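S.K.: First, the structure itself, so that you have it in front of you.
The values are calculated or read from the model by the stated rules, or taken from the named source; none is laboratory data. These figures come from a predicted structure and were not determined experimentally. Cβ placement follows ideal geometry from the backbone for every residue including glycine, while neighbour counts extend to all protein chains displayed. SASA here: full protein model, heavy atoms, side chains in, ligands and nucleic acids out. Shrake-Rupley method; radii C 1.70, N 1.55, O 1.52, S 1.80 Å.
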Amino acid sequence: VKVELNRADTSDIMRIPQFGSKRAQKIVEYRDKLGGFYSLAQLQEIYILQNINLEYVEKYFTADCKLIRKININQCDYKTLVSHPYFDSYLTKTILNYRQKNGPIRDMSQLRDITHIYAELEEKLQWYIEF
């Protein structure tokens, strides 16, 4: 039996060997901040799971990308953006300042040009934002 991370609660996760209440709580907290997982590798972004074996994780967990909660980059406020793990205050302010001066951001290409985000971050953000 596999646990769907984007729907699981802590008790679902705790049924998996090596995943006690502390790890389960951290997974649920991070999932809620992200808006869902697009990849099981994201579990390694959680401090307590940095060294987890992904082959082991793949035996027990799945991540359904269709369940990710997206942020509309043109309608959100500072608090919404900066509370997401992939947006720091500098990136958030850059986006909000651009919107205020120039209007909506059209697409990921324009966002990249405006913010100069690096490729790895762009790849992650594409799962969480919409225009």
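S.K.: Averaged per residue, what accessible area in Å² does region 49-126 show with a 1.4 Å probe, protein chains only?
M.R.: 64 Å²
S.K.: Please go through the residue pairs LYS26/LYS101; LYS2/LYS79; LYS70/LYS101; LYS2/LYS33; LYS22/LYS124; LYS101/LYS124 and name each one whose alpha carbons sit more than 28 Å apart in this structure. Mind showing how you got there, number by number?
M.R.: Values: LYS26/LYS101 38 Å; LYS2/LYS79 34 Å; LYS70/LYS101 24 Å; LYS2/LYS33 22 Å; LYS22/LYS124 26 Å; LYS101/LYS124 26 Å.
Listed pairs above 28 Å: LYS26/LYS101; LYS2/LYS79.
S.K.: Give the residues of region 33-67 whose amide nitrogen is closer than 15 Å to a point set 7 Å from the Cα of ARG15 in the direction of its Cβ.
M.R.: Flagged as within label range: 60-62.
S.K.: Per residue of the chain, what 222 nm ellipticity follows from adding -39500 (n - 2.57) for every DSSP H run with n ≥ 4, rounded to the nearest 500? Let's see the in-between values first.
M.R.: Details: 7 runs with 60 residues, N = 131.
Taken over the chain, the calculation gives -12500 deg cm²/dmol.
S.K.: Apply the Karplus parameterisation 6.51 cos²θ - 1.76 cosθ + 1.60, with θ equal to phi minus 60°, to every residue of region 50-60 and state each ³J(HN,Hα) to the nearest whole Hz, in sequence, with x for glycine and proline.
M.R.: 3, 9, 5, 6, 5, 4, 5, 4, 4, 5, 10
S.K.: While we're on this one: If you take the square roots of the eigenvalues of the alpha-carbon gyration tensor of region 1-74 and sort them as a ≥ b ≥ c, do you get rounded (a/c under 1.5), prolate (a/b over b/c) or oblate?
M.R.: Prolate is the answer for region 1-74, as a/c is 1.5 or above and a/b outweighs b/c.
S.K.: Sticking with this structure for a sec: Full extension from TYR47 to ARG106: what is 0.36 nm times the residue separation minus their Cα-Cα distance, to one decimal in nm?
M.R.: Contour length minus Cα-Cα distance gives 17.8 nm.
S.K.: Got a number for the accessible area of SER39? Probe 1.4 Å, square angstrom, nearest 10.
M.R.: Approximately 40 Å² for this residue.
S.K.: Moving on. What dipole magnitude, in Debye to the nearest 20, does the chain give about its Cα centre under +1 on Lys/Arg Cβ and -1 on Asp/Glu Cβ?
M.R.: Details: 19 positive and 17 negative charges, 62 e Å.
For the chain, the charge dipole is close to 300 debye.
S.K.: Enumerate the whole-percent occupancy of each 5 Å bin, from 0 to the last occupied one, for all C-alpha pair distances of region 72-131.
M.R.: So the P(r) values, bin by bin, are 4, 19, 36, 31, 10, 1.
S.K.: Note down the accessible area of PHE131, probe 1.4 Å, to the nearest 10 Å².
M.R.: That residue has around 80 Å² of solvent-accessible surface.
S.K.: For a quick check of understanding: with a 1.4 angstrom probe and all protein chains in place, what accessible area in square angstrom does SER109 have, to the nearest ten?
M.R.: Using a 1.4 Å probe on the heavy atoms, I get roughly 50 Å².
S.K.: If you take the Cα atoms of the chain, find Rg, then find the Kirkwood Rh from the mean of 1/r over all pairs, what is Rg/Rh?
M.R.: That ratio is 1.03, to two decimals.
S.K.: Specify the longest stretch of the chain that does not include any exposed loop site, a site being one of the trypsin sites (Lys or Arg not before Pro) with a non-H, G, I, E, B DSSP assignment and at most 15 other Cβ atoms within 10 Å.
M.R.: My reading of the result: 16-68 is the longest stretch.
S.K.: OK, next. About its Cα centre, how strong a charge dipole does region 2-60 have in debye, to the nearest 20, once Lys and Arg get +1 and Asp and Glu get -1 at the Cβ?
M.R.: So the dipole magnitude of region 2-60 works out to roughly 120 debye.
S.K.: Using a basic spin-label model with each label point 7 Å from the Cα along Cα→Cβ, how many nm lie between THR80 and TYR56?
M.R.: A separation of 3.8 nm, rounded to one decimal place.
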